[in-house]
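J.: Got a structure for you, written out below as structure tokens; questions coming shortly.
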Amino acid sequence: MTGRIELHQETDGAYRIKIVDDLMRTLALSAKFGSVRAALDGVFTFREIAGTAHVIDCTTRETTAGQTRTGN
């Protein structure tokens, strides 16, 4: 699957990162950043986290912050 990471400037001057898939569906929208440099630093941080992070299912009562799911 392909996709892209887009940098957008809001009307208030802040910047956001948008992650879209190959069908142009928005998968994630970042918090606001105060500068382009801060937003790009956010991209690099996101890439690092996404590549190694555990998936935590927070949708059920049985799941606590210490439990992780690994694609099952």
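J.: Between Glu10 and Val43, what length in nm is gained on full extension when 0.36 nm per residue of separation is reduced by their alpha carbon distance? Spell out each step's value before the answer.
T.: Details: separation 33, 0.36 × 33 = 11.88 nm, distance 1.69 nm.
Length gained, Glu10 through Val43: 10.2 nm.
J.: Separate question: Rounded if a/c is under 1.5, else prolate if a/b beats b/c, else oblate: with a ≥ b ≥ c from the C-alpha gyration tensor eigenvalues square-rooted, which is segment 4-50?
T.: Numbers: a/c = 2.45, a/b = 1.24, b/c = 1.97.
Here segment 4-50 falls in the oblate category.
J.: With a 1.4 Å probe and every protein chain kept in, tell me what percent of the accessible surface of segment 4-50 is carbon plus sulfur. If you can, show how the numbers build up before the last one.
T.: Details: 1880 of 3310 Å².
Carbon-and-sulfur percentage of accessible area, whole number: 57.
The values are calculated or read from the model by the stated rules, or taken from the named source; none is laboratory data. Since this is a predicted model, take the numbers as computed values, not measurements. Heavy atoms of the whole protein, side chains included, go into the accessibility calculation; ligands, DNA and RNA do not. Shrake-Rupley method; radii C 1.70, N 1.55, O 1.52, S 1.80 Å.
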